[in-house]
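Enquirer: Before I ask anything, let me first share the structure, which is written out below as structure tokens.
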Amino acid sequence: MKILVAVAAVFAACVAVLATSTAAFANPSAAAGPPTARVIVGYRDGAALATVHPWRRGASAGDVRAASQRRADALARRAGFALTTGRVIGHRAQVVMARGVDSASLARRLAADPDVAWAVVDQRRRALTVPSDPLFSAGPAVNLQTLTGGPVVGQWYLREPTDLFRSATNAQAAWARSTGSGVVVAVLDTGVLADHVDLAGQVLSGYDFVRDTTFSNDGDGRDADASDPGDWITAAENASGAYKNCGRQDSSWHGTGVAGIVAAATNNGIGMAGLAHGAKVLPVRVLGKCGGYDSDITAGMLWAAGIDQAGLPGSATPARVLNLSLGGGSTACSGVYQDAIAAVTARGAVVVAAAGNSDGGPVGAPANCPGVIAVAGLRHAGTKVGFSDLGPEIAIAAPGGNCVNIELGQPCLYPILTLSNSGLTVPAAGGSVYSDSFNISVGTSFATPLVAATAALILSARPDLSPAQVKMALQSGARPFPTSGADNGTDPTPVSICQPPSTQGQLQCYCVTGLCGAGMLDADKALAAAEALPRPVVTPTPTPTPDPGGDSGGGALSWPWLLALLAATAVLSARPRGRRPVRG
């Protein structure tokens, strides 16, 4: 009898727990913790749930909420999620909230109900504010006497797409979702001038991988100084010696320009805005005078991703995104790049590389390697810009800058405005300047960091995504290429459709998927696509089984054992004696 009394007590406790769970499902406000999902549901006209009107004329706020909760409860029983009602919208829509699930997953589940016409995430929107950086809107006034100033359109490539700026990346809208906070972007390039006024606080401690002192131009080999000493080539150097035919040039400050596009300080009232201004730049110097060796580049890739190498200190701040605005020729992807890229992506790092600038030729290494997000360049009108290479290896296209007017002494109309230095050879102290309509920045080198920065926005919002999923989000959010509206300036020749690359090359052309990637980069839509990807299922850690011989309460006299015995006793006691249970 005592056993049966104990069994009855246990059974009553179980009933109480079940009643509490049922009440929590029917009335989610009884559960602990704030809602994790918020969805707007629209019911089909004439559907059963649509007839459960959550309001009537003259009803009090309390009556409306009670009625709307009854409709939410009816939907909850069918969906398998406890739902709390929110605002009622018209006759056939309401906000519902839930715990233990994200908004996108709840919306998909509710949308499957036959009474539901649609279910969408109740998103927050913000005013599209213009950053306080003056060059975002317009460059300095053009001076044809000094050949300075511009571009008049400022950072056109970050703004909302228009009929004029069809290839603009819509970054301004994306900033309401993410700024790249918490993500590190490695810039593998000529080094970065971290003392530029628009990079204050944005640059981490990097590393210089240029080993050969003939090309390092800083007097030594590999070290922890990833600043840019300059990569100028004089006419005499170009004529003979180690730099023969490298091309005479002033120092390019290329890495600093790339870093500015990624993460220039924003809303600081000076200069320009960076697309992923919440991210940090990891400078990895792999290019010196006349370029860089594959051995230095791949070593820099591994280091940037946090992969230890003999004789090198590890990176204290491994990158989730690697930007390679470099390449050369149409060579196939070699084993050294294949191995490096495989190792880097296995660590979760996204590799973004420039297609190349050989006027429509085939894509070269490392952009043509498996696992790389290769980037083609677009004109403002959305067509392939003349210098950009193309081919099936391209993943996506982004603005690469273009001028339209090519007359001598005329300002370039649509360059990619970014950071630079006033020094012609070595960096000038206090020489923080910006490219403009005469000292221009154009090339797939500058389209690439726009994609890398967007990858940083995505990973800030969804750090759980793999490199393949980041690529999927970028491509899913891409806008279609235009099929009309291009021009050739004063050249009346019609713009043709892009053809597969050949030895002949091709200039401006209407892009097609498969040659210029999945479409035109749209940072805001890429973020939306990333947020809609399934989230990983978190499996609860199982409670360890107590040691029967220890002091943890386990063993033959433990509470779990006793409760199991009592439950079994209750089942046996409920059976009629002398009869076998009926089997169905």
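Enquirer: Say whether the condition of being buried (at least 21 other Cβ atoms within 10 Å of the Cβ), within 20 Å of the chain's Cα centre (by Cα) and of a type in the set (G, A, S) is met by at least one residue in the stretch 147-169.
Expert: yes
Enquirer: Sort out which residues of the stretch 454-466 are in contact with a Gly (Cβ under 7 Å, 6 or more places away or on another chain) and either charged (D, E, K, R) or in a helix (DSSP H, G or I) (or both), and write them in order of number.
Expert: If the condition is that a residue be in contact with a Gly (Cβ under 7 Å, 6 or more places away or on another chain) and either charged (D, E, K, R) or in a helix (DSSP H, G or I) (or both), then A456, L457, S460 are the ones that fit.
Enquirer: Of the residues N421, N405, which is modelled with pLDDT under 95, touching a Gly at 6+ places or on another chain (Cβ under 7 Å) and open to solvent by less than 50 Å² (accessible area, probe 1.4 Å)?
Expert: None of the others qualify; the one that does is N405.
Enquirer: Still on this structure, please answer the following. Out of A19, A67, which single residue is modelled with pLDDT under 75, over 34 Å from the mean Cα position of the chain (by Cα) and open to solvent by less than 70 Å² (accessible area, probe 1.4 Å)?
Expert: Only one candidate qualifies: A19.
Enquirer: Hey, can you tell me all the residues within the stretch 273-292 that are hydrophobic (A, V, I, L, M, F, W, C), closer than 17 Å to H254 by Cβ and open to solvent by less than 10 Å² (accessible area, probe 1.4 Å)?
Expert: Result: V281, L282, V284, V286.
Okay, residues lined up against (1) in contact with an Asp or Glu (Cβ under 8 Å, 6 or more places away or on another chain); (2) outside any loop (DSSP other than H, G, I, E, B); (3) open to solvent by 80 Å² or more (accessible area, probe 1.4 Å); (4) modelled with pLDDT of 70 or more:
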site: A486; (1), (2), (3), (4): no, no, no, yes
site: P500; (1), (2), (3), (4): no, no, yes, yes
site: R535; (1), (2), (3), (4): yes, no, yes, yes
site: G554; (1), (2), (3), (4): yes, no, no, no
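Enquirer: How many residues does the stretch 292-304 contain that are out of contact with any strand residue (DSSP E or B) (no Cβ under 7 Å at 6 or more places or on another chain) and not acidic (D, E)?
Expert: 6
Enquirer: Still on this structure, I have one more. Considering only the stretch 461-478, I want to know if a residue exists there that is farther than 28 Å from A264 by Cβ, of a type outside the set (S, T, N, Q), touching a strand residue (DSSP E or B) at 6+ places or on another chain (Cβ under 8 Å) and open to solvent by 40 Å² or more (accessible area, probe 1.4 Å).
Expert: Within the stretch 461-478, none of the residues are farther than 28 Å from A264 by Cβ, of a type outside the set (S, T, N, Q), touching a strand residue (DSSP E or B) at 6+ places or on another chain (Cβ under 8 Å) and open to solvent by 40 Å² or more (accessible area, probe 1.4 Å).
Enquirer: Then there is this: Output the number of residues of the stretch 477-501 satisfying the condition of being without any contact (Cβ under 8 Å) to a residue 60 or more places away in the chain and not β-branched (V, I, T).
Expert: So the count comes out to 9.
Enquirer: Now for a different question. Filter the stretch 48-60 down to residues that are at pLDDT 80 or above and touching a strand residue (DSSP E or B) at 6+ places or on another chain (Cβ under 8 Å), then give me how many there are.
Expert: Matching residues across the stretch 48-60 total 1.
Enquirer: If you check D195 against the conditions, is it assigned to a loop (DSSP other than H, G, I, E, B), over 20 Å from F446 (Cβ atoms) and out of contact with any strand residue (DSSP E or B) (no Cβ under 7 Å at 6 or more places or on another chain)?
Expert: The answer is yes for D195.
Enquirer: Are any of the residues in the stretch 293-301 open to solvent by less than 40 Å² (accessible area, probe 1.4 Å) and either more than 25 Å from G230 (Cα to Cα) or free of Cβ contacts under 8 Å to residues at least 40 places away in the same chain (or both)?
Expert: Within the stretch 293-301, not a single residue is open to solvent by less than 40 Å² (accessible area, probe 1.4 Å) and either more than 25 Å from G230 (Cα to Cα) or free of Cβ contacts under 8 Å to residues at least 40 places away in the same chain (or both).
Enquirer: From the set of residues in the stretch 395-417 that are part of a strand (DSSP E or B) and of a type outside the set (F, W, Y), which is farthest from the chain's Cα centre (by Cα)?
Expert: Going through the qualifying residues, I end up with N402.
Enquirer: Here's something else I'd like to know. Go through the stretch 25-41 and give me each residue that's surrounded by 18 or more Cβ atoms within 10 Å (Cβ to Cβ) and either at pLDDT 80 or above or not in a loop (DSSP other than H, G, I, E, B) (or both).
Expert: Result: P28, A37, R38, V39, I40, V41.
Enquirer: Also: I'd like to check something: does the stretch 437-450 contain any residue that is open to solvent by 50 Å² or more (accessible area, probe 1.4 Å) and more than 27 Å from A141 (Cβ to Cβ)?
Expert: no
Enquirer: Looking at G247, G219 in this structure, which one is touching a helix residue (DSSP H, G or I) at 6+ places or on another chain (Cβ under 8 Å), without any contact (Cβ under 8 Å) to a residue 40 or more places away in the chain, open to solvent by less than 60 Å² (accessible area, probe 1.4 Å) and farther than 16 Å from Y293 by Cα?
Expert: Step by step, each of G247, G219 is checked, and only G247 is touching a helix residue (DSSP H, G or I) at 6+ places or on another chain (Cβ under 8 Å), without any contact (Cβ under 8 Å) to a residue 40 or more places away in the chain, open to solvent by less than 60 Å² (accessible area, probe 1.4 Å) and farther than 16 Å from Y293 by Cα.
Enquirer: Follow-up question, since we're still on this one. Determine which member of the set A72, A82 is surrounded by 19 or more Cβ atoms within 10 Å (Cβ to Cβ), modelled with pLDDT of 85 or more and not in a loop (DSSP other than H, G, I, E, B).
Expert: Exactly one of A72, A82 is surrounded by 19 or more Cβ atoms within 10 Å (Cβ to Cβ), modelled with pLDDT of 85 or more and not in a loop (DSSP other than H, G, I, E, B), namely A72.
Enquirer: Tally the residues that are touching a Leu at 6+ places or on another chain (Cβ under 8 Å) and buried (at least 24 other Cβ atoms within 10 Å of the Cβ), restricting the search to the stretch 381-390.
Expert: Of the residues in that region, 4 qualify.
Enquirer: In the stretch 302-347, which residues are among the β-branched types (V, I, T) and surrounded by fewer than 15 Cβ atoms within 10 Å (Cβ to Cβ)?
Expert: Hits for the stretch 302-347 are T317, T331.
Enquirer: For the stretch 331-347, which residues satisfy the criterion of being over 20 Å from A186 (Cβ atoms) and touching a residue at least 40 places away in the same chain (Cβ under 8 Å)?
Expert: S334
Enquirer: Conditions: (1) closer than 30 Å to I261 by Cβ; (2) surrounded by fewer than 19 Cβ atoms within 10 Å (Cβ to Cβ); (3) under 32 Å from the mean Cα position of the chain (by Cα). A141 meets all but one. Number of the miss?
Expert: (3)
Enquirer: Can you pull out every residue in the stretch 348-372 that is touching a residue at least 40 places away in the same chain (Cβ under 8 Å), surrounded by 24 or more Cβ atoms within 10 Å (Cβ to Cβ) and closer than 15 Å to L515 by Cα?
Expert: Listed by number, the residues that qualify are A354, A355, G356, G360, V363, A367.
Enquirer: Restricting attention to the stretch 418-450, which residues are of a type in the set (A, V, I, L, M), assigned to a loop (DSSP other than H, G, I, E, B) and out of contact with any Asp or Glu (no Cβ under 7 Å at 6 or more places or on another chain)?
Expert: Correct list: V426, A428, A429, I440, V442.
Enquirer: Continuing with this model, one more query. Checking the condition under 22 Å from the mean Cα position of the chain (by Cα), in contact (Cβ under 8 Å) with a residue 40 or more places away in the chain and under 14 Å from V284 (Cα atoms), which residue from V183, V203, V192 passes?
Expert: V203
Enquirer: Of (1) outside any loop (DSSP other than H, G, I, E, B); (2) modelled with pLDDT under 95, D218 satisfies all except one. Which?
Expert: If we test D218 against (1) outside any loop (DSSP other than H, G, I, E, B); (2) modelled with pLDDT under 95, just (1) comes out false.
Enquirer: Check every one of the strands (runs of 3 or more DSSP E) wholly within the stretch 259-369 and list those with 3 or more residues that are among the β-branched types (V, I, T).
Expert: Output list reads 350-354.
The values are calculated or read from the model by the stated rules, or taken from the named source; none is laboratory data. A quick note: this is a predicted structure, and the numbers were derived from the prediction, not measured. Here the Cβ is made from the backbone with ideal geometry for all residues, glycine too, and neighbour counts use every protein chain on show. Accessible surface is based on the protein model in full, side chains and every heavy atom, while ligands, DNA and RNA are left aside. Shrake-Rupley method; radii C 1.70, N 1.55, O 1.52, S 1.80 Å.
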